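Heads up, the thing below is written out as structure tokens.
The values are calculated or read from the model by the stated rules, or taken from the named source; none is laboratory data. What you see is a predicted model, and the numbers here were worked out from it, not measured in a lab. Note that we place each Cβ from the backbone using ideal geometry, even for glycine, and neighbour counts take in every protein chain shown. The protein model used for the area step is the full one, side chains on, heavy atoms only, and it has no ligands, DNA or RNA in it. Shrake-Rupley method; radii C 1.70, N 1.55, O 1.52, S 1.80 Å.
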Amino acid sequence: MAEPTVASENPKYHRESRRQGRGRKVSDNQAQAVAKFLRVPPRKARFVIDEVRGLYVQEALAFLNFIPNRAADHIGKVVTSAASNGVNNHNLRLTNLKIVEARVDEGPRMKRMQPRAQGRAYAILKRTCHITITVEDVPRAAKPRKLGARAAAARAAATAAARRAGSMST
């Protein structure tokens, strides 16, 4: 008689082995939010998502508030949810959250029929999408301050005067 396999010894083995890979899909300094089955065509949502990818959360939300697009409202909600997940569940700082992954996947299509002349019917596909946003705690780099023309000229004159004073003392 054949040796019993692990699955036959323990009927729950199959389910337990499937659950092992279900852990957290993002790293410790990241948070994620997903909205599924949104009634927005994926192509239209991708136009907006491409503009906010790589921005900090606060900048992205300010940007999304002024876009007259229905997809922007849904994307704003997902970005807000991802930021809230990071702040509340993973103790990340809101000011440092940056959108590192923004993805729009195609969902199922609802098929509708449009009546046409002579008993014909045209198919209409109402597309849906899934939006996934991943934010990461990335400290902001200090930006060097840009000087105006007058300030740059004054600084150049001051360094030149300091050099002349240093060369005269020797």
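Overview of values
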item: Candidate set: region 106-141, residues that are without any contact (Cβ under 8 Å) to a residue 60 or more places away in the chain and of a type in the set (Gly, Ala, Ser); chosen: the one least open to solvent (accessible area, probe 1.4 Å); result: Ala121
item: Qualifying residue in region 52-62 (condition: out of contact with any strand residue (DSSP E or B) (no Cβ under 9 Å at 6 or more places or on another chain), under 30 Å from Arg109 (Cα atoms) and modelled with pLDDT of 95 or more); result: yes
item: Region 64-77: number of residues that are crowded, with 22+ Cβ neighbours inside 10 Å and not small (Gly, Ala, Ser); result: 2
item: Close pairs (6 angstrom Cβ cut-off, 6 or more residues apart or separate chains): in contact (Cβ under 8 Å) with a residue 60 or more places away in the chain and within 16 Å of Ile133 (Cα to Cα) in region 41-70, charged (D, E, K, R) and open to solvent by 50 Å² or more (accessible area, probe 1.4 Å) anywhere; result: Pro42/Glu106; Tyr56/Lys98
item: Selection status of Ile67, under 30 Å from Val40 (Cα atoms), in contact with a helix residue (DSSP H, G or I) (Cβ under 8 Å, 6 or more places away or on another chain) and assigned to a loop (DSSP other than H, G, I, E, B); result: yes
